[in-house]
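A.B. asks: Let me give you the structure first, and then I'll get to my questions.
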Amino acid sequence: MNEKFIKNEQYNFIKRQVDLIKDSYKKNSDPSVLKTVRELANAQILELFPQAAREQVEKLDLSRWKTDAEFDQYVQDLARCLIPFPKLTEPQVKKMFPKAKKLKVPNLSTVDFEKMTYLSWYDISTNKKFIIYELNEKLMGIECKYSILNKDSLCSFCNRFGQVAFISTITKAKKSNNPDYYKAIGNYICLDSAECNKKITSVAYLTTFLEEAIRKHA
Ligand SMILES: [Zn+2]
């Protein structure tokens, strides 16, 4: 059985559930309410892992924990089961962006690959944001244009409210009568990708965004 079976965004989801439980412990004293909160959180967590083996379900099961210390230990234990982001080297990154001339690759030795859903960085000289994500078990990279917004907004990837950048990719939508029809896909995304990676609990939006973006290569 694979020891590492939890993705970063799933781990964030679990942490959020634990925070909700801890919060309700502070506010409620009714044991039946607390039991319900715990059971609901447990069910939602297990729902994320329909293929989980028995031992994995046992690890994920939080219904027996009650104190803050126990919940902290639970989250800490699960951190050991995190699937790290594939460790990339500079040549590998460069290969993913063959069209980007003089691509500036971030210092990969300082990147925390352990808790990461997607890798992203900016090139301020060309005004571009790069994103690498493992889509359908294949690493893919896209480049976007970005502009920083002056007011805070919700991030489309992680739903966190904070400083965002408007990012857009140009896609060539397939239209038989107009082969050169271009469509811009834009989104407000956390300016700080490290923060975004700490908050993201679902990749639904991220994958839709990337799938749209890569259609231009189809
Ligand atoms: Zn975000």
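The values are calculated or read from the model by the stated rules, or taken from the named source; none is laboratory data. Predicted model only: the values in this text are computed from it and were never measured. Every residue, glycine among them, receives a Cβ derived from its backbone with ideal geometry; neighbour counts consider all protein chains shown.
A.B. asks: What residue, of SER147, SER120, SER168, SER153, is in the same structural domain as ALA213 (by TED's automatic domain parsing) and exposed (fewer than 13 other Cβ atoms within 10 Å of the Cβ)?
C.D. replies: SER147
A.B. asks: Separate question: Looking at segment 120-155, which of the residues that are in a strand (DSSP E or B) and β-branched (Val, Ile, Thr) is farthest from GLN92 (Cα to Cα)?
C.D. replies: Step by step, filter segment 120-155, then rank; the result is ILE148.
A.B. asks: Can I ask one more? Mind listing whichever residues of segment 50-73 are within 24 Å of ARG160 (Cα to Cα) and in contact with a helix residue (DSSP H, G or I) (Cβ under 8 Å, 6 or more places away or on another chain)?
C.D. replies: PHE71
A.B. asks: Another one. How many residues does segment 150-170 contain that are in contact (Cβ under 8 Å) with a residue 40 or more places away in the chain and away from the ligand (no atom under 13 Å from the Cβ)?
C.D. replies: Summing the residues that are in contact (Cβ under 8 Å) with a residue 40 or more places away in the chain and away from the ligand (no atom under 13 Å from the Cβ) in segment 150-170 gives 2.
A.B. asks: So, restricting to helices (runs of 4 or more DSSP H) that lie completely within segment 8-101, which ones have at least 3 residues that are outside the structural domain of ASN197 (by TED's automatic domain parsing) and of a type in the set (Lys, Arg)?
C.D. replies: 8-27
A.B. asks: Could I ask something else about it? With the structure loaded, tell me whether ASN178 is at pLDDT below 95, assigned by TED's automatic domain parsing to the domain that holds MET96 and assigned to a loop (DSSP other than H, G, I, E, B) or whether it fails that test.
C.D. replies: yes
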